[in-house]
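Undergrad: Here's a structure for you.
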Amino acid sequence: MPALAADVLIWGGDALSGRFLPVHSHYRAWYPDNTLQTQAVAAPEMFYFMTETSFASFQLAAPIMQALKNAGFDKPTPIQAGALPAGLAGRDVLGTAQTGTGKTAAFALPILQAMAAAPLRPRRFAARALILSPTRELAVQIEQEFKKFGTGLGLHTVLIVGGVGRTGQVNRMSRGADIVVGTPGRVCDLLSTRELNIEQCQFFVLDEADRMLDLGFMPDIRKVVAALPTRRQSALFSATMQKEILHLAEGLLRDPVKVAIQGVSSTPVLMEQSVHFVEASGKRHLLATLLKDPSVSRAIVFTRTKRGADRVALQLSQEKISATAMHGNLAQNARQRALEAFKTGAVRVLVATDLAARGIDVAGVSHVFNYELPNEPESYVHRTGRTARNGNAGIAVAFCDATELTYLNQIEKLTGVKLAVASGTRPAHAAPVKKPQPHPNLVVRKPKRAQYGEQNNQRRPSQRAA
Ligand code: ADP
Ligand code: MG
């Protein structure tokens, strides 16, 4: 390991083992002292070394620098400091960093910079850059970020997501697009009708890459990749990266620079995490009690199913707690409306399925409640990551009944954090999971198409977003 100059920042790790080596100069706010560790470097070539610690050193185009200033971005976050030099040099990047640490700008800025440097008019229906996300709401948010940092560059961005009319999207594509942000289903739809052409697409990004490469999305992703040129710059970003998925990720990248901040799947250090051991029947009362605390200024409550989200939101309303549900059975405009109401503070509590777990950036979420623990431990990292974003503190509270103990164990193993016990006692053994019996009179309306982020107690391999 080379000697460190005062201003040298070395972040990095081996995405596979999760070993990391954060050595810093400027980033104490992000990683307070006790989390700074120096560990043996297992595979030095996997580490990325860089020295830049200000946006000025990246020599970005003037309008981008101005946009960064307007957005209050004074200093790159660790993942930005680590990934931007590679991206700007035209390299492929595999980036992992905790939730809320600025991964969006880490993949957006190199694309915008390249477009600022070489303005080209895209051909009709052609896209110059394609960014895919697992949910429509996240796609909307990413497009907004591109617009924010691309102000003044005269770029044409198009959002291609399901759940809303396609005609408007096709019309917008007709004059070509610099940036297309979309969800896989609708993107494949437009590809198949040649209303989207990515044959000469130079930039390809999978945000929430591990989710995009799992079973549900993989068929669509394969179609997209087959339509892309082999000569392109690709970037994959996420806070989690399962080992089984890593080889798929690497298959999409050409000689990638791997940037891993902290351990893969680690939770933000400023997040306070605790668990209540509670019987399933006691969760409703416990949640209402905790939400009545005025320090809970803005909270997301995660449930495992869509019906569960509706039920909990209704129960909270009955307790006079301002709450709204968000899940994939709602029409797209109702989904976006629920999220907007939560963002503006019109409602204090958003009760959501995993649809809201990935990527969604709402300022000032003080608490995340896991009303039911997710059966995939990675989901815990993403759900709780809606709080403690961008160097802020946050509180994550888990409810765990006896049937969920296995999930809790998996979560603690993945994140390496043992949750503090807030109430109850940890059961010695997990109780067997009871299959929920649907009420015979209950008619369940099926959504037109399966949505990512929901499970009706089982995984549908055909899940997709649009
Ligand atoms: P991630 O994708 O890693 O979860 P985001 O890209 O959504 O994180 O960024 C989280 C928040 O931090 C956003 O509100 C974003 O505007 C803000 N942010 C990102 N980078 C910076 C920076 N360098 N300086 C200040 N704020 C930043
Ligand atoms: Mg993100």
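Each reported figure results from applying straightforward, stated rules to the coordinates on display, with no laboratory input. Since the model is a prediction, treat every value here as computed from it, not as a measurement. Cβ atoms come from the backbone with ideal geometry, glycine included; neighbour counts cover every protein chain shown.
Undergrad: Going through the cross-link list K147/K292; K292/K418; K258/K413; K75/K413; K147/K343, which pairs have a Cα-Cα distance over 31 Å in this structure? Mind showing how you got there, number by number?
TA: On the way: K147/K292 38 Å; K292/K418 26 Å; K258/K413 24 Å; K75/K413 33 Å; K147/K343 19 Å.
In this structure, K147/K292; K75/K413 lie more than 31 Å apart at Cα.
Undergrad: Excluding I300 itself, calculate the net charge of residues whose Cβ lies under 9 Å from the Cβ of I300, where each Lys or Arg counts +1 and each Asp or Glu counts -1.
TA: +3
Undergrad: Can you give the net charge of the other residues whose Cβ lies under 11 Å from the Cβ of Q200, counting K and R as +1 and D and E as -1?
TA: Combined, the nearby Lys, Arg, Asp and Glu give +3.
Undergrad: Would you tally the net charge around R124, using a Cβ to Cβ cut-off of less than 15 Å, leaving R124 out, and scoring K and R as +1, D and E as -1?
TA: +3
Undergrad: Taking the Cα centre of region 205-358 as the origin, how large is its charge dipole in debye, to the nearest 20, when only Lys and Arg (+1) and Asp and Glu (-1) carry charge on their Cβ atoms?
TA: 400
Undergrad: By per-residue mean of other Cβ atoms within 10 Å, what is the highest-first order of 103-111, 57-65?
TA: Details: 103-111: 26.0, 57-65: 16.2.
Taking the mean over residues of other Cβ atoms within 10 Å, the ranking is 103-111, 57-65.
Undergrad: Please list 91-102, 161-172, 356-367 highest first by mean number of surrounding beta-carbon atoms within 10 Å per residue. Working shown, then result.
TA: Numbers: 91-102: 24.2, 161-172: 16.2, 356-367: 21.6.
Packing order, densest peptide first, comes out as 91-102, 356-367, 161-172.
Undergrad: Using a simple charge model, +1 on the beta-carbon of Lys and Arg, -1 on the beta-carbon of Asp and Glu, nothing else, what dipole does region 153-198 show about its Cα centre, in debye to the nearest 20? Present the calculation step by step, with values, prior to reporting the outcome.
TA: Details: 5 positive and 3 negative charges, 17 e Å.
Roughly 80 debye, rounded to the nearest 20.
Undergrad: Also, quick follow-up: Assuming 0.36 nm per residue, please report the length gained on full extension of the stretch A341 to S274 beyond their Cα-Cα distance.
TA: The span from A341 to S274 would gain 21.4 nm if fully extended.
Undergrad: Would you please put 144-150, 132-138 in order of how densely packed they are, using the mean number of other Cβ atoms within 10 angstrom per residue and starting with the highest?
TA: Values: 144-150: 20.1, 132-138: 26.3.
In descending order of packing, they fall as 132-138, 144-150.
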